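Okay, so here's the structure we're looking at.
The values are calculated or read from the model by the stated rules, or taken from the named source; none is laboratory data. The shown structure was predicted, so the numbers you read here are calculated from the model rather than taken from an experiment. When we count neighbours, we look across all protein chains shown, and the Cβ atoms used for this are built from the backbone with ideal geometry, even at glycine. Note: areas computed on protein heavy atoms with side chains; ligands, DNA, RNA excluded. Shrake-Rupley method; radii C 1.70, N 1.55, O 1.52, S 1.80 Å.
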Amino acid sequence: MPGTFFTSDLHLGHRLVAGLRGFDDPADHDDEIARRWRETVGDGDTVWVLGDLAVTSSAIGIERTLQRIAGLPGTKHLVPGNHDPVHPMHRHAHRHQRRYLEVFESVQAFARTRIPVLPDVRATPMMLSHFPYLADHSDPPRFLEYRLRDEGEWLLHGHTHAAGQRTSVREIHVGLDAWDLRPAALEQVAALLAGAAS
């Protein structure tokens, strides 16, 4: 049966992030991320990528990144992050939309889904955004104008590069740094929700 996965902060080709993740060469980092994705995600699965595919704004860099993502299994949806030139915070984001939609089934600043927690229990509404409600890996937090406001909804996010999977009472971090450089399965997210509910 097809599965659903969530991930964020691939940072392909990014020397600094590759180094922080223990790789001397960004190419080795990118190959390992692709290997773990292929081990985790099948062709019939759906993957929500919550931003920061790479750190590039050059046409060559964007094309290289999109070709790499296109070669990975699964139907992919993108909720872009601050490093993605298609995010609406960037003045020329609209110029990239058509090319990104050749790789991703959808590209949107945020999304909404439902996550089943327990059998026979109504699924939990879940917001999807690159950004957490308030947390950041810098002080003070940046991009506040592009963050969802905390209205009491659960949120899946990336951006922080934290090792922890829980950011706050109602926030789950799905960035690669918290999930062994792999996409997080819906069942894993549901288990965190169930643990929070018990």
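Once the Cα-Cα distance is subtracted from the 0.36 nm per residue extended length, the residue 123 to residue 1 segment shows a gain of 42.0 nm. Size descriptors for the range 128-198 (Cα atoms only): Rg and Dmax, in that order, 11.9, 34 Å. Between helix 59-70 and the chain, what is the angle of the helix's C-alpha long axis to the longest principal axis, kept within 0 to 90° and rounded to the nearest 10? Helix 59-70 sits at roughly 50 degrees to that axis. Extension gain for the segment residue 94 to residue 46, taken as residue separation times 0.36 nm less the Cα-Cα distance, is 14.8 nm to one decimal. Over the range 93-159, the alpha carbon radius of gyration divided by the compact-protein estimate 2.2 N^0.38 Å works out to 1.37.
When peptides 164-172, 42-50 are ranked by their average number of other Cβ atoms within 10 Å per residue, the highest-first order is 42-50, 164-172. The helix-based estimate of mean residue ellipticity at 222 nm for the chain, built from -39,500 (n - 2.57) per DSSP H run of four or more residues and divided by its residue count, is -7000 deg cm²/dmol to the nearest 500.
Once the Cα-Cα distance is subtracted from the 0.36 nm per residue extended length, the residue 20 to residue 196 segment shows a gain of 60.4 nm. Expressed in units of 2.2 N^0.38 Å, where N is the residue count, the Cα radius of gyration of the range 1-141 is 1.09. Counting only alpha carbon atoms, the long axis of helix 26-40 and the longest principal axis of the chain meet at about 40°.
Structural size metrics of the range 127-169, computed from C-alpha coordinates, are Rg and Dmax of 9.7, 25 Å.
In this label model, residue 63 and residue 75 are separated by 2.9 nm, measuring between points 7 Å along each Cα→Cβ vector. In the context of the full set of protein chains, the chain has a per residue accessible area of 50 Å² (1.4 Å probe). Model label sites at residue 101 and residue 145, defined 7 Å from Cα along the beta-carbon direction, differ in position by 2.6 nm. Label zone (residue 34, point 7 Å along Cα-to-C-beta; backbone nitrogen cut-off 13 Å) within the range 57-80: 64-73.
Using Cα pairs under 8 angstrom and six or more residues apart, how large is the relative contact order of the chain, in percent?
The value is 22 percent.
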